Amino acid sequence: MLIYAIITLGALGLIYGLGLAFASRKFHVEIDPKIDKINAVLPQANCGACGYPGCSAYAEAIVEKGAEINLCAPGGEQVVNDVAKIMGIEASASDKKIALIHCQSGGKNNTFFRYDYQGIATCKAAVLVTNGPNLCNYGCVFQNDCIEACHFDAIYLDENGMRIIDKDKCTGCGACVEACPRNLIELVPYKQRVHILCSSHDKGVEAKKRCGNKTACIGCGICVKKCPKDAIKLEDNLAIIDYTKCINCGICADVCPTSAIFDPLKEVRAKKKAEAKKKAEAAKKKIAEQKAAEKNPNK
Amino acid sequence: MDFIAKIFAMAIAAIFVQNFVLARFLGLCPYIGVSKKLDSALGMGMAVIFVMTMASTFTWLIQTYLLIPLKLEFLQTIAFILTIASLVQLVEMVIQKIAPALYKALGVFLPLITTNCAVLGVAILNINENYNFIEAILNGLFAGLGFTLVLVLMAGIRERLERAELPHSMKGMPIAMIVAGSMALAFLGFSGLKI
């Protein structure tokens, strides 16, 4: 009895095993070993930033369809180099890009609202109700579509309820760009420092009146004139930086009358300038005193 | 005519009255796990129909011509699992070779079916109910159809639930469980049906 059981089960296993071995020979599908190798170096976030459904699909596309190897945003340079090594071609790293929210309304606490929105808690629904709850027709509506879309927890709320992107966590996958119904989010080069943080196409006075922070772009065009590289252009009352030309000089941020252009170094520069002015004045004063002393040596 | 009537009764029983998921509570893992999207639910359903039919065929043959003559019925479970696992593996290989598009669409669901207790359930039930060969195959087919029906219904409901405004504590799994329970109650309505 026991012998029968062992023999039967063993025989079944053996037959199945042989059958499968035979089938795997017969139905063998040639898969390029490079696909597995590339798939192994990809970050496996399956975010879709490359334009393919997932990491394995992208690996396949690289090998079989000759897709560009620098499309993986989360992987960055490291992955591009690794993939280049596997494929045996030169690495051409794309500049790392991160997301930027083009609105600095000052957060939920500062923004002016037309009404209190209590509907479905998504941005897509909020913008449908009489053009959104906030007074500015172009600004953030303070639901959390971008935060929910982010795979990497890179977007957080500051104390005023403003959505802030963590530069180091952001991988530039672009999920939030697609999620924002007002198209406020754009992928910008990581090295870029100077940004226009307004999306309002309203006329100057209107735009400023509606912005909670009073930092709307009023379309005055001073930055366009002052830019040494012609990198800023005015479109429908809104200045836009061409990131391929911008050199991060920050002159536009200095001249902007409404502080709609953001440059983290602006205050540092202003401080330096003020100090230099103070020094110059002090030096002038000293010279004047010396001259006065020379004139009246008796005193 | 008698045969056709019997088959019809079997179909109604397997699909509605004794539905594998909602009346027998078999295969609950894919029922909850793969019912988030309609497309994948349909793909999984198709794969299950195929595997259930094949498994019914082979397990019936093994039971009748191998285990019973050797008086080894106590090996039923392990022998069936072995058969189902090998079968799924074989099906996967064949599909990958013959229909790569279908293989991609089914993706991870194919190997998942190996561990689907509904497949083993239908194989064992075929034996317990003393079905003959044709009946066993058809029962497998109908059981798969019933599974697919419920899976697709569930996926349709859950797709709509995604957009519904729910209390935060109810989002996701809790509401899915409640829906599953309600569906089981609804299917209980078929239990008086006799043909």
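The values are calculated or read from the model by the stated rules, or taken from the named source; none is laboratory data. Owing to the predicted nature of the structure, the values given are computational and were not obtained by experimental measurement. With ideal geometry, Cβ positions are generated from the backbone for all residues, glycine too; neighbour counts draw on all protein chains shown.
Annotations for the structure displayed:
- Residue match in segment B:95-106 (condition: among the aromatic types (Phe, Trp, Tyr), within 17 Å of B:Phe58 (Cβ to Cβ) and either more than 14 Å from chain A (Cβ to nearest Cβ) or in a helix (DSSP H, G or I) (or both)): no
- Contact map, segment B:50-77: first residue within 12 Å of another protein chain (Cβ to nearest Cβ), second residue among the small types (Gly, Ala, Ser) and surrounded by fewer than 18 Cβ atoms within 10 Å (Cβ to Cβ), Cβ cut-off under 7 Å, separation 6 or more or different chains; pairs are B:Leu72/A:Ala5; B:Leu75/A:Ala5.
- Single match in B:Ala184, B:Ala123, B:Ala99 (criterion: in contact with a Ser or Thr (Cβ under 9 Å, 6 or more places away or on another chain) and either over 14 Å from B:Arg24 (Cβ atoms) or of a type outside the set (Lys, Arg) (or both)): B:Ala123
- Odd one out for A:Gly172, checked against (1) under 15 Å from the mean Cα position of the chain (by Cα); (2) surrounded by fewer than 17 Cβ atoms within 10 Å (Cβ to Cβ); (3) on the phi > 0 side of the Ramachandran plot: (2)
- Any hit, segment A:66-85, residues being within 14 Å of chain B (Cβ to nearest Cβ) and more than 28 Å from A:Ile240 (Cα to Cα): no
Per-residue answers, yes or no, for (1) of a type in the set (A, V, I, L, M, F, W, C); (2) surrounded by 13 or more Cβ atoms within 10 Å (Cβ to Cβ); (3) at pLDDT 80 or above:
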{"position": "A:Phe27", "(1), (2), (3)": "yes, yes, yes"}
{"position": "A:Gln44", "(1), (2), (3)": "no, yes, yes"}
{"position": "A:Cys50", "(1), (2), (3)": "yes, yes, no"}
{"position": "A:Cys55", "(1), (2), (3)": "yes, yes, yes"}
{"position": "A:Val63", "(1), (2), (3)": "yes, yes, yes"}
{"position": "A:Ile86", "(1), (2), (3)": "yes, yes, yes"}
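- Here B:Ala123 passes the criteria (1) closer than 22 Å to B:Gly146 by Cβ; (2) of a type in the set (Gly, Ala, Ser); (3) within 13 Å of another protein chain (Cβ to nearest Cβ) except the one numbered (3).
- Filtered by the rule that a residue be buried (at least 16 other Cβ atoms within 10 Å of the Cβ) and outside any loop (DSSP other than H, G, I, E, B), segment A:31-42 gives A:Lys34, A:Ile35, A:Lys37, A:Ile38, A:Asn39, A:Val41.
- A:Asn39 in contact with a Cys (Cβ under 7 Å, 6 or more places away or on another chain) and polar (S, T, N, Q): yes
- Verdict on A:Tyr156 being surrounded by fewer than 17 Cβ atoms within 10 Å (Cβ to Cβ), among the hydroxyl-bearing types (Ser, Thr, Tyr) and within 11 Å of the chain's Cα centre (by Cα): no
- Residues of segment B:1-10 satisfying the condition of being surrounded by 10 or more Cβ atoms within 10 Å (Cβ to Cβ) and within 15 Å of B:Asn132 (Cα to Cα): B:Lys6, B:Ile7, B:Met10
- Filter result for B:Met177 (surrounded by 15 or more Cβ atoms within 10 Å (Cβ to Cβ), part of a helix (DSSP H, G or I) and not aromatic (Phe, Trp, Tyr)): no
- Hits in segment B:16-39 - residues which are over 13 Å from B:Ala118 (Cα atoms) and in a helix (DSSP H, G or I): B:Phe16, B:Val17, B:Ile32, B:Gly33, B:Leu38, B:Asp39
- Elements of type helices (runs of 4 or more DSSP H) contained in segment A:200-299, each with 3 or more residues being under 25 Å from A:Lys108 (Cα atoms) and either of a type in the set (Lys, Arg) or in the same structural domain as A:Val141 (by TED's automatic domain parsing) (or both): A:204-210
- Boolean, B:Phe8 is over 20 Å from B:Ala85 (Cα atoms), touching a residue at least 60 places away in the same chain (Cβ under 8 Å) and of a type in the set (A, V, I, L, M, F, W, C): yes
- When each of B:Leu87, B:Leu42 is tested for being away from chain A (no Cβ under 14 Å), in contact (Cβ under 8 Å) with a residue 24 or more places away in the chain, part of a helix (DSSP H, G or I) and not small (Gly, Ala, Ser), the lone residue that passes is B:Leu42.
- Residue within segment A:87-109 that is part of a helix (DSSP H, G or I) and either within 14 Å of chain B (Cβ to nearest Cβ) or of a type in the set (Gly, Ala, Ser) (or both) present: no
- Checked against the criterion of being crowded, with 20+ Cβ neighbours inside 10 Å, modelled with pLDDT of 85 or more and farther than 15 Å from A:Ile261 by Cβ, segment A:214-231 contains not a single residue that satisfies it.
- Segment B:85-119 - residue that is more than 26 Å from B:Lys37 (Cα to Cα) and crowded, with 19+ Cβ neighbours inside 10 Å and, of those, nearest to the chain's Cα centre (by Cα): B:Leu87
- A:Arg163 vs. criteria in contact (Cβ under 8 Å) with a residue 40 or more places away in the chain and in contact with a strand residue (DSSP E or B) (Cβ under 6 Å, 6 or more places away or on another chain): yes
- Applying the criterion of being aliphatic (A, V, I, L, M) and touching a residue at least 12 places away in the same chain (Cβ under 8 Å) to the residues of segment A:2-43, the residue that is nearest to the other protein chains (Cβ to nearest Cβ) is A:Ile35.
- Hits in segment B:125-149 - residues which are more than 25 Å from B:Ser35 (Cβ to Cβ) and buried (at least 16 other Cβ atoms within 10 Å of the Cβ): B:Asn126, B:Ile127, B:Tyr131, B:Glu135, B:Ala136, B:Ile137, B:Leu138
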